[in-house]
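To start, the structure itself, in structure tokens.
No lab work stands behind these numbers, since they all come straight from the coordinates. Everything quoted here is computed from the prediction, not taken from an experiment. Every residue, glycine as well, gets a Cβ built from its backbone with ideal geometry; the counts of neighbours run over all protein chains shown.
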Amino acid sequence: MQLEDTFGRKFKYLRLSITELCNFKCNYCLPDGNACDTPTGGLSIRQIETLVQAFAKMGTSKIRITGGEPALRKDLVDIISLCKQTPGIDKVALTTNAYRLNKDAQKYKDAGLDALNVSADSLDPRMFAAITGKKKLEDILQGVDSALAAGIKTVKFNTVMLKQFNYKELSSFLAYLKEHEVTWRFIELMQTGDNQVFFERNHVPGQAIKNTLLTQGWERIIRGGDAGPAQEFSHPDYRGNIGLIMPYSKDFCDTCNRLRVSSQGKLHLCLFANEGHDILPYLEAGDVDATVEAVGLSMKDKKATHFLQEGFTGATKQLAMLGG
Ligand code: SAM
Ligand code: SF4
């Protein structure tokens with residue numbers, strides 16, 4: 001069985017948010033930290049097991065664990081291991097702010113983690129603290145070194161480009177890539193329900209970054225058909241690559257290959273959908289077949305594209321709700 005929508009797009013990739021909670025205060029995401037009505041519990045490990053088995057039955061081969069901050073959950077290592085041991089799941093990835101990475105990289109690797117995306121919005125400690133509210137840059141870069149030393153094969157950085165903050169640091173990111181064999185992904189700031197004024201002040205069109213890269217000799221890498229919406233670039237003088245995530249670009253949604261499940265057990269067909277489909281009752285019942293049926297039935301509701309260009313952000317107040 002292979003999950004497919006009415007536009008012929010196939011979905012082998014699940015993004016699973018295991019908590020909405022976060023310990024950082026990124027100015028584009030949770031500038032005031034978590035609101036007091038943020039749910040504290042996420043799906044239990046048994047509910048996650050049902051979910052992962054159901055998605056594996058529907059042809060999912062890759063799971064990204066995200067949040068909020070997934071490392072806030074004490075059972076993160078068990079969740080990685082559970083995903084990896086589920087027949088059909090080939091690849092388990094984690095997106096994290098890396099605050100525990102230096103301590104836990106080896107445990108993640110031993111549990112079967114294949115790929116890691118680390119958010120690092122600046123290589124300047126003061127700018128990093130201004131964006132995230134945390135003086136933790138050095139720790140995070142050490143965590144990445146530990147992850148590479150532990151043998152985690154794919155390590156990528158994520159940076160949201162912000163006009164009034166880190167945009168002027170593009171050359172520092174590039175200098176890092178001269179020496180390090182990692183991929184640095186620049187994400188175009190997305191408007192959400194909570195960040196409208198910030199968005200207007202800080203949005204940098206991804207095309208502007210792309211033009212700068214092309215004039216500096218970076219070349220687009222042609223990726224496989226199921227590679228997803230990121231555009232990748234390489235340069236003969238650099239060890240690392242660059243990824244660009246340009247959600248406002250035309251055709252961005254054509255290559256959509258992912259579904260999302262929130263920590264509250266809702267299936268989100270798009271990051272900016274109007275609402276999630278509640279599959280929690282099937283997960284609570286431990287009913288794999290009913291979960292498969294509910295997900296399959298909701299696929300007809302997946303739209304061709306988001307409507308972000310028109311400023312329509314759906315039910316998404318901030319991306320910590322869903323994991324990006
Ligand atoms: N806490 C983890 C982290 O920061 O990596 C995982 C969750 S976070 C929501 C996932 C990704 O979404 C991060 O790379 C973050 O920078 C990105 N993100 C959050 N809000 C965003 C926004 N409004 N526009 C673009 N990217 C955003
Ligand atoms: Fe937390 Fe990640 Fe949002 Fe930053 S981007 S506030 S680390 S959830």
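Of the GluC sites (Glu not before Pro) found in segment 125-201, those that fall in a DSSP loop while having at most 13 other beta-carbon atoms within 10 Å are E181.
With +1 assigned to the C-beta of every Lys and Arg and -1 to the C-beta of every Asp and Glu, and no other charges, what is the dipole magnitude of segment 13-321 about the Cα centre in debye, to the nearest 20? Show your work: numbers first, answer last.
Details: 37 positive and 36 negative charges, 90 e Å.
With Lys and Arg at +1 and Asp and Glu at -1, about 440 debye.
Can you pick out the pairs among K136/K168; K57/K136; K136/K250; K210/K300 whose Cα atoms lie more than 32 Å from each other? Each step should come with its number before you reach the end.
On the way: K136/K168 21 Å; K57/K136 40 Å; K136/K250 36 Å; K210/K300 34 Å.
Those over the limit are K57/K136; K136/K250; K210/K300.
Charge dipole of segment 28-122 (Cα centre as origin; +1 on each Lys and Arg Cβ, -1 on each Asp and Glu Cβ, all else neutral): 320 debye, rounded to the nearest 20.
Length available on full extension from A149 to L214: 0.36 nm per residue minus the Cα-Cα distance, which gives 20.2 nm.
With the Cα gyration tensor of the chain giving a ≥ b ≥ c as the square roots of its eigenvalues, does the rule (a/c under 1.5 for rounded; else a/b larger than b/c for prolate; else oblate) give rounded, prolate or oblate? Intermediate values should be presented prior to the final figure.
Numbers: a/c = 1.43, a/b = 1.31, b/c = 1.09.
Because its axes are fairly even, with a/c under 1.5, the chain counts as rounded.
Based only on other Cβ atoms within 10 Å, what is the fewest-to-most ordering of L141, L297?
On the way: L141 21, L297 10.
Ascending Cβ contact count within 10 Å gives the list L297, L141.
Per the helix-only calculation at 222 nm, which mean residue ellipticity applies to the chain, given -39500 (n - 2.57) for every DSSP H run of n ≥ 4 and division by its residues, nearest 500 deg cm²/dmol? Before the final figure, lay out the partial values.
Working: 10 runs with 99 residues, N = 324.
It lands at -9000 deg cm²/dmol.
DSSP beta bridges confined to the chain are antiparallel in about 25 percent of cases.
Sketch the reach of a paramagnetic label on T38 as a point 7 Å from Cα along Cα-to-Cβ, and name the residues of segment 130-168 whose backbone nitrogen lies under 17 Å away. The answer is 131-135, whose backbone nitrogens lie closer than 17 Å to the label point.
Give the relative contact order (percent, whole number) for segment 1-87; include only Cα pairs under 8 Å separated by 6+ residues.
Working: 106 pairs, mean separation 37.2, N = 87.
43 percent.
Between the listed residues F233, A294, F128, the Cα displaced farthest toward the positive end of the dipole of the chain, a dipole computed from Cβ unit charges relative to the Cα centre, is found at F233. Distance from the C-alpha centroid of segment 160-217 to that of segment 250-314: 28 Å, rounded to the whole angstrom. For the chain, modelled as a GNM whose springs connect Cα atoms under 10 angstrom apart, the maximal fluctuation among A111, A175, A150 occurs at A175. Karplus-derived 3J(HN,Hα) values for segment 18-33, using 6.51 cos²θ - 1.76 cosθ + 1.60 with θ = phi - 60°, are 9, 6, 8, 6, 9, 9, 9, 10, 4, 5, 8, 10, 10, x, 9, x Hz; glycine and proline are entered as x.
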